[in-house]
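See below for the structure under consideration.
The values are calculated or read from the model by the stated rules, or taken from the named source; none is laboratory data. Since the structure is predicted, the reported quantities are computational estimates derived from the model, not experimental observations. Cβ placement follows ideal geometry from the backbone for every residue including glycine, while neighbour counts extend to all protein chains displayed. Just so you know, the surface numbers come from the protein's heavy atoms only, side chains and all, with ligands and any DNA or RNA stripped out. Shrake-Rupley method; radii C 1.70, N 1.55, O 1.52, S 1.80 Å.
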Amino acid sequence: MAALVVVLALAGGCGEKSTTVTPGAADADKFLFDKGTASAKDHKWINAREYFRNLVDNYPQSPYRPDAKLALGDTYIGEDSTESLLLAANEFREFLTFYPTHPRADYAQLQLARSFTEQMLAPQRDQSATKDAIKEIEIFLQRFPNSTLMPEARKMERQARDRLSEASYLVGYFYYRIKYCPGAVDRFEEVLKTDPGFSNRDAVYFHMAECLYREDRKAEALPYYERLLKEFEKSEYMAAAQKRVTELKNPA
């Protein structure tokens, strides 16, 4: 009890900015974890990190150490800057190295993936972070098929794959606009092959069909118009696709 009083006195005397406690003091690790958790809840990321770092570095046998390690990574994600997201990835990688069979290893893997989804750029820009995110999500899906976090992982996977597919689609759409249909068709086919669940594939179907239509490959174009009509209840291309289908099926 006396040791805990010392801990509290130190914390009270220095305020939120101090995370120093007497090494080996009773319940000091719990004190640090609770203070870090409270600071993180208030989005005081730097203060939270100081508490968690103190626990991780000075209490290697503490039962709170694994959760503190994860919480460290979470504070970096919460800060949400390019540098902090890179540091978050490092924390989660270290956790998975030190605690590969820990009950929260699935959370660490998902947060590792999140550290990259948060860095994803617009479809017109470099997609390196998107590719890294997909790689880490795939590891999650393979290692933790029964995780309760699976719905969230699937949602993140769709988000990342949509971003990558949108980037590829825009290249094809550029070719479409300049009427270079061979290049457009190749790119659209790649999108449909690598990501058949692409959320905006109605645009791919339509512009693929239009390119084939322009090149007088109308028999090949028709199935894409029909897939658009079949798979989408609403689409900005619906009316135009229906018009094409009517024309192609009733050429007279």
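Some points to look at:
- Flag for LEU87 being assigned to a helix (DSSP H, G or I) and either over 18 Å from the mean Cα position of the chain (by Cα) or touching a residue at least 24 places away in the same chain (Cβ under 8 Å) (or both): no
- Positions within the range 146-179 being open to solvent by 40 Å² or more (accessible area, probe 1.4 Å), without any contact (Cβ under 8 Å) to a residue 24 or more places away in the chain and part of a helix (DSSP H, G or I), in sequence order: PRO151, ARG154, LYS155, VAL171, PHE174, TYR175, ARG177
- The set of residues in the range 188-221 being more than 25 Å from LYS243 (Cβ to Cβ) and of a type outside the set (S, T, N, Q) consists of GLU190, LYS193, ASP195, PRO196, GLY197.
- Checking each residue in the range 118-145 for being more than 26 Å from VAL204 (Cβ to Cβ), in contact with a Leu (Cβ under 7 Å, 6 or more places away or on another chain) and open to solvent by 20 Å² or more (accessible area, probe 1.4 Å) picks out only GLU118.
- Residues that are among the β-branched types (Val, Ile, Thr) and open to solvent by 60 Å² or more (accessible area, probe 1.4 Å), drawn from the range 70-104: THR82, THR97, THR101
- Residues of the range 197-244 that are of a type in the set (Asp, Glu), under 19 Å from TYR173 (Cα atoms), open to solvent by less than 80 Å² (accessible area, probe 1.4 Å) and more than 31 Å from the chain's Cα centre (by Cα): GLU210, GLU215.
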